[in-house]
Amino acid sequence: MTAPSTYLASVGTCLPGDPVDNATLAELVGVDESWADVFIGNTSRYLSLDLATGQVRHTLADLAATAADRALVEAGLEPYEIDCVVMGTATPDQLMPATVNLVADRLGIDNVPTYQLQSGCAGAVQAMDVARTLLLAERCRTVLVIGGDVCAKHLETDFEPGARTSAELVNYVLFGDGAGAAVLSGEAVGQGIEIRQVFNRLVGLGREPGQVVDWFGLGDRHSDRIAVHEDYKAIEETVPALAQQMFWELLEDLGWGADEVDFLLPPQLSGRMSDRISVGLPAPDARRINVVRHVGNNGNALPFLQLAELLRQWQGPGRAVAIAVESSKWIKSGIALERS
């Protein structure tokens, strides 16, 4: 009997509105344009929030439903052909109902299992891991996997330009909003790219979180806690090492050599950091797929945006390795893909 396999059938993405470049940020919130270019490396991002007015233009459900619909169309599938929906996000629209269920409702998907994973940059890979596990267990034939984040709702807009320090303005330059989706199947349909392996490893035992995103209810809305906090020094020191560990772990498991990797999708933190990490990953002949510089760090959407770009460039047989690292409590994750 042939062992079951899993395949990436299609990818769909959605970014809100027009790109917001560094010159626009300089005008609206007082970001130094040259500092943003040199030290962060992101040149633009997409925001669901109008920084000029503070008006929210898109919810996560809006973006995720559009991305998912595009993935279904690309795969040639109707919503009723989906057996399960799995979503990864760090910024759901509400605590309840789960955003995955709002998206399923918009798509017309009903009477199937749904799962929402609360996680940062590794959440999209975790969602793929859950989907792949269900497919390998033959509990499903086709799974819709969604990842996305709307980070702009954590940004303040009611302050005068120049009233914030560089440390406070980092998030305006670094983060963006977006969503992505993929159809995973137990059959080689659509793109027909085999998912050879998916790994997720929590490695935060005894470590302080590198990122904290807080939330407030009616009882503590006047707390003096800040909503978003990052330890950038810890992130810069730790993420490259975790990325290398995951790279070698995937290759060792599959018996691949580093020179056999045709495409490399490195962690997408910022333009500068992702380039640095990419250079440190020893895949001499691999084409690097970096997108964060132009779309911003939109969390769980990024792996799908990378996959979409990968599919645009990938012709013929080959192998690809994608890595994501989450700094909240330190998770390293990765995916290995192969096209025969």
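The values are calculated or read from the model by the stated rules, or taken from the named source; none is laboratory data. Predicted model, so just to flag it, every value in this text is computed and none were measured. Reconstructed Cβ throughout: ideal geometry from the backbone, glycine too, with neighbour counts over all protein chains shown.
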(message) Which pairs turn up if I take residues in region 12-24 that are more than 17 Å from Cys151 (Cα to Cα) and look for partners that are of a type in the set (Lys, Arg) and modelled with pLDDT of 95 or more with beta carbon separation below 6 Å, at least 6 apart in sequence or on another chain?
(response) Gly12/Arg70
(request) Kindly provide the set of residues from region 48-65 that are of a type in the set (D, E, K, R), over 17 Å from Asn171 (Cα atoms) and either surrounded by fewer than 18 Cβ atoms within 10 Å (Cβ to Cβ) or touching a Lys or Arg at 6+ places or on another chain (Cβ under 8 Å) (or both), ordered by number. (result) Arg57
(request) Keeping to region 186-196, report how many residues are buried (at least 20 other Cβ atoms within 10 Å of the Cβ), in contact with a helix residue (DSSP H, G or I) (Cβ under 7 Å, 6 or more places away or on another chain) and in a strand (DSSP E or B). (result) 1
(request) Considering each residue of region 206-220, count those that are in contact (Cβ under 8 Å) with a residue 12 or more places away in the chain and acidic (Asp, Glu), and give that number. (result) 2
(message) Residue pairs, Cβ under 8 Å, 6 or more apart or interchain, first in region 170-184 and more than 17 Å from Ala26 (Cβ to Cβ), second among the acidic types (Asp, Glu) and part of a strand (DSSP E or B). List them.
(response) Asp177/Asp149; Gly178/Asp149; Ala179/Asp149
(request) With a cut-off of at least 3 residues that are aromatic (Phe, Trp, Tyr) and buried (at least 18 other Cβ atoms within 10 Å of the Cβ), name the helices (runs of 4 or more DSSP H) lying wholly within region 245-335. (result) none
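Whether any residue in region 262-275 is farther than 24 Å from Asn42 by Cα and touching a residue at least 60 places away in the same chain (Cβ under 8 Å) is what I want to check.
No, region 262-275 contains no residue that is farther than 24 Å from Asn42 by Cα and touching a residue at least 60 places away in the same chain (Cβ under 8 Å).
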(message) Suppose we keep only residues that are surrounded by fewer than 24 Cβ atoms within 10 Å (Cβ to Cβ) and in a loop (DSSP other than H, G, I, E, B) within region 141-155. Which one would you say is nearest to the chain's Cα centre (by Cα)?
(response) Leu155
(message) Among the residues of region 92-136, what is the count of those that are farther than 24 Å from Lys329 by Cα, of a type outside the set (D, E, K, R) and free of Cβ contacts under 8 Å to residues at least 12 places away in the same chain?
(response) 2
(request) Could you check, for region 43-64, whether at least one of its residues is modelled with pLDDT of 90 or more and farther than 30 Å from Met96 by Cβ? (result) yes
(request) Look at Phe216 and say whether it is more than 14 Å from Cys121 (Cβ to Cβ) and either at pLDDT below 90 or not assigned by TED's automatic domain parsing to the domain that holds Ser274 (or both). (result) yes
(request) Being assigned to a loop (DSSP other than H, G, I, E, B) and touching a Ser or Thr at 6+ places or on another chain (Cβ under 7 Å) is the filter; apply it to region 111-140 and report the residue that is surrounded by the most Cβ atoms within 10 Å (Cβ to Cβ). (result) Ala122
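Starting from residues that are out of contact with any His (no Cβ under 8 Å at 6 or more places or on another chain) and aliphatic (A, V, I, L, M), keep the ones in region 218-244 and report whichever is surrounded by the fewest Cβ atoms within 10 Å (Cβ to Cβ).
Leu218
A quick yes/no check of all residues on (1) in contact with an Asp or Glu (Cβ under 9 Å, 6 or more places away or on another chain); (2) assigned by TED's automatic domain parsing to the domain that holds His154; (3) surrounded by fewer than 18 Cβ atoms within 10 Å (Cβ to Cβ); (4) under 27 Å from Arg276 (Cα atoms):
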{"position": "Ile40", "(1), (2), (3), (4)": "no, yes, no, yes"}
{"position": "Tyr46", "(1), (2), (3), (4)": "yes, yes, no, yes"}
{"position": "Ala67", "(1), (2), (3), (4)": "no, yes, no, no"}
{"position": "Cys84", "(1), (2), (3), (4)": "no, yes, no, no"}
{"position": "Thr89", "(1), (2), (3), (4)": "yes, yes, no, yes"}
(message) Quick check on Val73: is it in the same structural domain as Leu135 (by TED's automatic domain parsing) and surrounded by fewer than 19 Cβ atoms within 10 Å (Cβ to Cβ)?
(response) yes
(message) Given the criteria touching a helix residue (DSSP H, G or I) at 6+ places or on another chain (Cβ under 7 Å) and either among the β-branched types (Val, Ile, Thr) or at pLDDT 90 or above (or both), does Val183 qualify?
(response) yes
